[in-house]
Amino acid sequence: MAEPLTPDRLLRALRAEGVQVVEVGNWRTHNRNSRGPWGPLNGSIVHHTVTQGTSATVAVVRDGYASLPGPLCHGMIAKDGRVHMVGWGRTNHAGGGDPRVLDQVVAESYGTRPTPPTRGNANGTDGNARFYGWECENLGDGKDPWPKAQYDAIVRVQAALCRAHGWSAKSVIGHLEWSNDKVDPRGFTMPALRADVAERLAHSASWNPNEEDPMAGITKRDIYDAVWKTDAMTPPEGRATPENPTWAPESVLRDAASYATRAEAAAVRVEAAAARIEAAVARLADGS
């Protein structure tokens with residue numbers, strides 16, 4: 001269990017993880033704290049919004065609707081990867097859930113996923129008091145894509161929270177793992193997301209896999225062209241190729257002989273220079 005992060009500490013954690021944050025209005029004090037407790041916290045829940053369009057989605061998760069007042073989450077992760085902070089404190093995002101799932105999240109004791117929930121949103125343990133909540137812009141129909149920038153931001157947000165609290169990736173669950181009347185998030189699996197969060201936690205917060213991997217984006221064909229075509233080296237199986245049609249075994253032998261001749265000439269020059277130095281030293285010793 002942990003006390004909630006302060007807004008300032010949250011922002012530092014998110015930005016250290018490379019998250020682009022958009023602060024929406026009075027998000028630091030926009031909450032449902034008058035309706036119940038917030039904390040101690042045990043983890044973070046990922047949702048999808050069943051909405052389309054970033055501006056409209058931000059408005060919905062901030063203000064809510066007739067039957068469920070906002071805020072409906074702490075932050076909304078848009079298609080472009082930006083995280084819109086809309087509330088801080090108790091929010092209407094998790095509802096009721098399975099107490100067995102909560103126990104497993106607290107202990108971080110489950111396998112690839114928590115025990116399937118048996119209690120629905122209406123009659124379960126109060127998740128709004130125990131979890132951070134992140135809505136992600138998506139129709140939730142299994143067809144609406146999850147752009148790379150958005151999914152990367154989801155991973156970074158969850159890693160930032162886990163890193164700040166000293167949690168493992170098992171403190172991150174989906175709404176569908178909390179309550180048996182929910183299906184979100186839909187379009188990726190929570191075991192896969194937790195694996196990506198765990199991979200990120202194995203590195204520093206500033207880790208950027210594309211920058212650290214010098215081979216990122218290089219294909220086998222690129223390597224083939226660099227070796228056989230550009231450098232005109234011997235192709236596989238000793239045959240000429242359309243990219244290097246003039247290659248022949250004797251050309252390699254000529255090159256090798258040329259390198260050997262030049263090396264021998266260089267050795268002769270070194271020996272001559274050494275002899276001159278030796279003679280000069282002898283003259284100095286004789287006083288001539």
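The values are calculated or read from the model by the stated rules, or taken from the named source; none is laboratory data. Predicted model only: the values in this text are computed from it and were never measured. Glycine also receives a Cβ, built like all others from the backbone with ideal geometry; neighbour counts cover every protein chain displayed. Side chains included, ligands, DNA and RNA excluded: accessible areas come from the protein's heavy atoms. Shrake-Rupley method; radii C 1.70, N 1.55, O 1.52, S 1.80 Å.
When you go through (1) surrounded by fewer than 19 Cβ atoms within 10 Å (Cβ to Cβ); (2) within 26 Å of Asp141 (Cα to Cα); (3) touching a residue at least 40 places away in the same chain (Cβ under 8 Å) one by one for Ser206, which number turns out not to apply? Answer for Ser206: the failing condition is (2).
Just to be sure before I move on: is Gly120 open to solvent by less than 50 Å² (accessible area, probe 1.4 Å), in contact (Cβ under 8 Å) with a residue 24 or more places away in the chain and in a loop (DSSP other than H, G, I, E, B) in the structure I sent? Taking the combined requirement at face value, the residue satisfies it. Against the conditions (1) closer than 22 Å to Ala2 by Cβ; (2) surrounded by fewer than 24 Cβ atoms within 10 Å (Cβ to Cβ); (3) more than 21 Å from the chain's Cα centre (by Cα); (4) not hydroxyl-bearing (Ser, Thr, Tyr), where does Trp178 fall short? Just the number, please. Of (1) closer than 22 Å to Ala2 by Cβ; (2) surrounded by fewer than 24 Cβ atoms within 10 Å (Cβ to Cβ); (3) more than 21 Å from the chain's Cα centre (by Cα); (4) not hydroxyl-bearing (Ser, Thr, Tyr), only one is false for Trp178: (2). Among the residues in the stretch 155-173, are any crowded, with 17+ Cβ neighbours inside 10 Å and either acidic (Asp, Glu) or over 22 Å from the mean Cα position of the chain (by Cα) (or both)? No, the conditions are met nowhere in the stretch 155-173. Of the residues making up the stretch 130-143, those that are more than 29 Å from Asp8 (Cβ to Cβ) and open to solvent by 30 Å² or more (accessible area, probe 1.4 Å) number 4. The set of residues from the stretch 89-138 being among the charged types (D, E, K, R) and modelled with pLDDT of 95 or more comprises Arg90, Asp98, Arg100, Asp103, Glu108, Asp126, Arg130, Glu135, Glu137. Of the helices (runs of 4 or more DSSP H) that lie entirely inside the stretch 1-113, those containing 2 or more residues that are open to solvent by 70 Å² or more (accessible area, probe 1.4 Å) and either more than 30 Å from Trp207 (Cα to Cα) or of a type in the set (Gly, Ala, Ser) (or both) span 54-63, 99-107.
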